[in-house]
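The values are calculated or read from the model by the stated rules, or taken from the named source; none is laboratory data. Just so it is clear, the structure is predicted and the values come from calculations on it, not from any experiment. All Cβ positions, even for glycine, are placed from backbone atoms using ideal geometry, and neighbour counts span all protein chains on display. When the accessible area is computed, the model is the full protein with side chains, heavy atoms only, and any ligands, DNA or RNA have been set aside. Shrake-Rupley method; radii C 1.70, N 1.55, O 1.52, S 1.80 Å.
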Amino acid sequence: MTLYEFNRLELNEHMEAANQYGIFLDNYITKDIRINCYAIDKFFVEVVYDAENNVITEVKSFKAL
């Protein structure tokens with residue numbers, strides 16, 4: 001899967017792709033948010049969760065420089 005293909009997906013499809021194709025790298029947890037980082041092929045995905053409401057608020061994809 002390419003970054004372009006990933007970016008064309010809907011939010012729920014982003015999560016399916018991260019779980020199916022992604023390799024979990026790390027997470028960052030605070031009182032308010034939780035961020036999980038995944039590697040897919042040649043790009044990265046950050047999934048941001050609202051800890052208080054237990055919902056995904058944002059999915060960010062990016063390439064490393």
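Tabulated results
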read-out	value
Residue in the range 28-35 that is more than 16 Å from residue 55 (Cα to Cα) and open to solvent by less than 80 Å² (accessible area, probe 1.4 Å) present	no
Qualifying residues in the range 36-58 (those that are open to solvent by 60 Å² or more (accessible area, probe 1.4 Å) and acidic (Asp, Glu)) - the one modelled with the lowest pLDDT	52
Residue selected from the range 24-46 under the condition in contact with a Ser or Thr (Cβ under 9 Å, 6 or more places away or on another chain) and among the β-branched types (Val, Ile, Thr), by the criterion nearest to residue 14 (Cα to Cα)	45
Count of the range 10-65 residues which are among the β-branched types (Val, Ile, Thr) and in contact with a helix residue (DSSP H, G or I) (Cβ under 8 Å, 6 or more places away or on another chain)	5
